[in-house]
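Heads up, the thing below is written out as structure tokens.
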Amino acid sequence: MWAAADVILLDAPVGAGKSLCAMTIANWVAFNGKTTAITTPRVALQEQYLRDWPDLPTLKGMSHYHCNTFDMSCSSVSELMDNKCDGCVYTSCRTKSLQAPIALFNVHSYIYLYNSRYTKTKPKDVLIIDEAHTTFDILSDQFELRLWKHKDKYPDEMETVGDVYTFLESQAKKFPKEIAQLIQGDAEDKKEAEKVKKKQEKYLRVMEGLSRAPTNFFIQKEQELYNKKYHEVLRIRPLDLNHMPEILWSPRQKIVMMTGTIHDQDIKMLGLKNRRIVTVKVPNPIPASRRPIVITRGLNMGAEYQDKNLRAMASEIERLAGIHGGKGVVHLTYGLSHKLSAYLTDPRYMYHTSDNREEVLENFLSSEEDKILIACGMTTGLDLVGPKYQWQAIAKVPYPSLGDPLIRKWLNENPDWFNWLSVRQVLQAVGRICRGPDDYGVTYILDNSVGTLDGKRFGLFKRVGKMIPDYFKESIRYE
């Protein structure tokens, strides 16, 4: 299998031991004289690896290292001193990681190291991508650009891919001279030079994408907030990554993608459909009885019915909170969270904004009280393991926002991708609770737009039945 594949998809649900699989593969590769890079999108996941393999050479973002000489982060020292600090902690970790046969990288740091004009180096033989379901979003962001009319001074008539390329090319020619002048100045100038370098990298990367795959880009003008005022902005975004520059993997590199939520649609959008692909499906090690998914009769949480059903939704959440002890989590949108706060006023409920999200989450996790987190945008990255966390509810199915013109384009031209994005979020949300064979956690789906698998109630599950894994189906029951 290994020799016959360019890409191995390790389709492994929560509790299957993906990190152990990664290290087993990496050690086997090292035994055969080859090297492996393991990437994760979150520092918290790197920390999980290090708890089990404390000697594993690891590279995080520069801001996560503290200078031994100055009382500031390595990233701040780098900006002020042009990366000339003796005994730099970050540089030491980077050197060890690049030289080691097996190393663990933050995915953004890995992309920078292997693509930057200033640090480009030879990639390792094998690339293992943990939480691979995040890969498309991460790579798309690398080719997304916002140009502000008042700041970047682009011409009014700039609307086509050719117009954008010509403008970026004219601006990119100015960067080398600007950087050379700034690095000769004071500390603030050096800091600005780092920003210009990053801007130059982004412009050149987007230009390469535009030249290779001009039809892959979606361009739109809109009004957005900038320093509390609305300004015109031109957004350049990729529709998919086919024929685009490969900035995470190299053509000869063996790729192992690990996640519990991956589909053929991911492969198509990532531009990997022409590679030799082998899928390995790992059985769910958690008994279905320990991870029940209860689909209730539900309430319509669509925009036009939401206000009408708010009180009933609040009552249903309170009913579940009364049934279960321990802590609970309710997944929904920021808008619905704000509306429900008028009905769910007990101190047991914890609300957050986008600004204090991490602080509130940390308080919830560390609290000894039986709190209920009203969670927005936490369908991934949340680890609710142990007897304290017995239940969670999905109050609003996390459909991609149709207020975004790109999402509407996907819906109209690539509905399978839109549907997969929707169901993947549900699968990810369900995976937040019951994290191992000895754990327990029940998930309630309260939004009736999810429908039923048997089609008695039309909805998301009816449309995407073939996309839903068997381990998920076997846990479902209806109320």
Legend entry - Solvent-accessible area per residue for the chain (1.4 angstrom probe, square angstrom): 48
Legend entry - Residue among TYR471, PRO437, SER449 farthest towards the positive dipole end of region 421-479, charges placed on Cβ: SER449
Inset, instruction - May I ask you to derive the FRET efficiency for ASP454 and ILE219 from their Cβ-Cβ distance with R0 = 35 Å, giving the value to the nearest 0.05? - result: 0.25
Inset, instruction - Pop out the carbon and sulfur fraction of the accessible area of region 240-345 as a percent, whole number, probe 1.4 Å. - result: 49
Inset, instruction - Give the residue from GLY381, VAL278, ALA312 lying farthest towards the positive end of the charge dipole for region 278-387; charges sit on Cβ (+1 for Lys and Arg, -1 for Asp and Glu) and the dipole is referred to the Cα centre. - result: VAL278
Inset, instruction - With runs of 4+ DSSP H residues as the only contributors, calculate the mean residue ellipticity of the chain at 222 nm using -39,500 (n - 2.57) per run, divided by the residue total and rounded to the nearest 500. - result: -11000 deg cm²/dmol
Legend entry - Peptides 404-412, 102-110 ordered by average Cβ neighbours within 10 Å, highest first: 102-110, 404-412
Inset, instruction - Using the structure shown, select from LYS18/LYS96; LYS388/LYS462; LYS124/LYS268 the pairs with a Cα to Cα distance greater than 30 angstrom. - result: LYS388/LYS462
Legend entry - Summed side-chain charge close to ILE468 - residues other than ILE468 whose Cβ falls under 14 Å, Lys, Arg +1, Asp, Glu -1: 0
Legend entry - Packing rank of 212-223, 440-451, where each peptide gets the mean count of other beta carbons within 10 Å, highest leading: 440-451, 212-223
Legend entry - Compactness relative to 2.2 N^0.38 Å, alpha carbon Rg of region 373-479: 1.12
Inset, instruction - For the chain, just run the numbers: alpha carbon Rg, then divide by 2.2 N^0.38 Å, N being how many residues it has. - result: 1.04
Inset, instruction - Could you pull out the GluC sites (Glu not before Pro) across region 149-205 that fall in loop regions by DSSP (anything but H, G, I, E, B) with no more than 12 other Cβ atoms inside 10 Å? - result: GLU157
Inset, instruction - Between ALA288 and ILE407, take the C-beta separation as r, use R0 = 41 Å, and let me know the FRET efficiency to the nearest 0.05. - result: 0.80
Legend entry - Cross-link reach list, lysines versus LYS173, counting only Cα pairs under 20 Å and skipping chain neighbours closer than eight places: LYS149, LYS151, LYS153, LYS190, LYS195, LYS197, LYS198, LYS199, LYS202
Legend entry - Charge dipole (debye, nearest 20) of the chain; +1 at Cβ of Lys and Arg, -1 at Cβ of Asp and Glu: 920
Inset, instruction - Could you rank the peptides 297-308, 123-134 by their average count of other C-beta atoms within 10 Å per residue, with the highest value first? - result: 123-134, 297-308
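The values are calculated or read from the model by the stated rules, or taken from the named source; none is laboratory data. The structure displayed is predicted, hence computed values, not measured ones. Every residue, glycine among them, receives a Cβ derived from its backbone with ideal geometry; neighbour counts consider all protein chains shown. SASA here: full protein model, heavy atoms, side chains in, ligands and nucleic acids out. Shrake-Rupley method; radii C 1.70, N 1.55, O 1.52, S 1.80 Å.
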